[in-house]
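Below is one structure, written out as structure tokens; the observations come after it.
Derivation of every value follows stated rules applied to the coordinates shown; laboratory data play no part. As the structure is a computational prediction, the values presented were derived from the model and not from experiment. Please note: Cβ atoms are built from the backbone with ideal geometry, for glycine as well, and neighbour counts cover all protein chains shown.
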Amino acid sequence: MRALVTGAAGFIGTNFVRQTLARKREGIDRLVALDLLTYAGNYANLTGLESDPRFRFVRGDVADRDRVAALVAEEAIDVIVHCAAETHVDRSIVDGAPFLVTNVHGTLALLEAVRGRPGFRCFLHVSTDEVYGSVAEGRSTESAPLRPSSPYAASKAAADGFVFAYAATYGVPAVITRCSNNYGPYQFPEKLIPLFVTNALDGESLPLYGDGMNVRDWLHVEDHAEALWHVLGLRAAPGEVFNISAENEMPNRALTEQILRLLDRPANLVRYVADRPGHDRRYALDPGKLRATGWRPQVSFADGLARTVAWYRERRAWWEAIKSGTYRDYYDRMYSGRLAGSSAAPREPGV
Ligand SMILES: NC(=O)c1ccc[n+]([C@@H]2O[C@H](COP(=O)([O-])OP(=O)(O)OC[C@H]3O[C@@H](n4cnc5c(N)ncnc54)[C@H](O)[C@@H]3O)[C@@H](O)[C@H]2O)c1
């Protein structure tokens, strides 16, 4: 198998690549890691892998059609795990344009590169539970309607649409996985868990949106990586979708309390700030289809969160390098005003 992993220097890509090469997964002859190294990509995440003869890193844009087509041909790629994306909802609210380019044009460029390619086995689009929108009750199955609320989610839903279209129109062997919120090592500290852990370690405020009762469904990134390999092994029909969830639903407020407890930091670090516009109240996936094929998550939330918190505590140099750069400007833009108007008690939703 000759695999191309896009977004390989990001959070999920890094974990997927490291796990794949460390476990000496049988059948992997080549693993080409493609990443543009945007603000969210970090080449240092892949340090040490260069000595593996199966591994090659290429800096490039997934939306660059010619470059992508040439790479797929030159490396005789037969499997693609497509993680590259603009991923931060808050940034998409400020400007959706980069999300359209990378998430939609990028997916299209990859699909074009494999269309009609003899012997090509599988294009796996790593999508998200956010395409289903907020779920008041029950859990989203793979056939639930797509109702994206944020520009990020809209771009992922549009990319899913292209995957369906290329499967139906051209018979491209392409499948979609939709996972819930991931947590684990190497996550860029703009996302909730590493943001709160690193802020708490520095004694800084934890800016919690709205009333803190938005519910997310947490999946350890190791379980996610295993699920992706499991789906690749299923040889699913073109256009099939699989939800990936460990069914760990939790309000953000409860998650924040757990983080503070693990770090032995005081509850008064929490500041309730103005909510994110269009903030989905709850995501909840029904993973029954994938479980019926034999996949099971292995990491309990208590163990996974403790290990994750310990990882950031022990890797101060990793996250300080990020947080001291341009990230600081972003953080100030995003949170200074909000923190100035924050309160110590929960706010009403949408306030
Ligand atoms: N993290 C989660 O909780 C989560 C949940 C559901 C779905 N997903 C999906 O999983 C995938 C990976 O997410 P992540 O959390 O690892 O994201 P991330 O932001 O940590 O990493 C994204 C990576 O993509 C790279 N990239 C961005 N634009 C690129 C371009 N034009 N060309 C090449 N590379 C580019 C970045 O440099 C970065 O390394 C995304 O598709 C995301 O939508 C993530």
*Note down the relative contact order for the range 134-276 as a percent, whole number, built from C-alpha pairs under 8 angstrom at least six residues apart.*
32 percent
_Listed peptides 302-311, 85-94, 317-326 by packing density, highest first (mean Cβ within 10 Å)_ = 85-94, 302-311, 317-326
_CD proxy at 222 nm, helix term only [per DSSP H run n ≥ 4: -39500 (n - 2.57); per residue of the chain; nearest 500]_ = -11500 deg cm²/dmol
_I'd like the antiparallel share, as a percent to the nearest 5, of DSSP beta bridges with both residues in the chain._
10 percent
_Rounded, prolate or oblate for the range 242-321? Axes are the square roots of the Cα gyration tensor eigenvalues, ordered a ≥ b ≥ c, and the cut-off for rounded is a/c under 1.5._
oblate
*Please turn the phi angles of the range 141-151 into ³J(HN,Hα) values with the Karplus equation 6.51 cos²θ - 1.76 cosθ + 1.60 (θ = phi - 60°), one per residue in order, whole Hz, x for glycine and proline.*
8, 5, 9, 5, x, 8, 9, x, 9, 10, x
*By count of other Cβ within 10 Å, fewest leading, how are Y39, Y209, Y152 ordered?*
Y39, Y209, Y152
*Among rounded, prolate and oblate, which fits the range 170-259 when a ≥ b ≥ c are the square roots of the eigenvalues of its C-alpha gyration tensor, a/c under 1.5 means rounded, and a/b larger than b/c means prolate?*
prolate
*Using θ = phi - 60° and the Karplus relation 6.51 cos²θ - 1.76 cosθ + 1.60, list the HN-Hα couplings for the range 211-221 in order, rounded to whole Hz, with x at every Gly or Pro.*
9, x, 9, 5, 9, 10, 10, 9, 10, 5, 4
*asked:* As a test of understanding, state the convex hull volume per residue of the chain from its alpha carbons, in Å³.
replied: 124 Å³
*Hey, what angle do you get for helix 327-340 against the long axis of the chain, alpha-carbon based, 0 to 90 degrees rounded to 10?*
40 degrees
*Contact order normalised by residue count of the range 197-342, Cα under 8 Å, 6+ apart, percent*: 37 percent
_Net charge, A267 excluded, C-beta distance under 10 Å - Lys, Arg +1, Asp, Glu -1_ = +1
*If you rank L206, L21, L37 by fewest surrounding Cβ atoms within 10 Å, what's the result?*
L37, L21, L206
_Shape call, the range 106-260: gyration tensor on alpha carbons, a/c limit 1.5_ = prolate
*Eligible lysines near K156 by straight Cα distance, threshold 30 Å, same-chain separation 8 or greater*: K191, K289, K323
*Ranked by Cβ crowding within 10 angstrom, fewest neighbours first, how are H224, H279 ordered?*
H279, H224
*Round to the nearest 10 and give me the degree value, 0 to 90, for the angle of helix 11-22's Cα axis relative to the longest principal axis of the chain.*
50 degrees
_Mean separation of Cα contacts under 8 Å (6+ apart) over length of the chain, as relative contact order %_ = 17 percent
*Starting from the Cα-Cα distance between A168 and R115, subtract it from 0.36 nm times their residue separation and give me the gain in nm to one decimal.*
17.9 nm
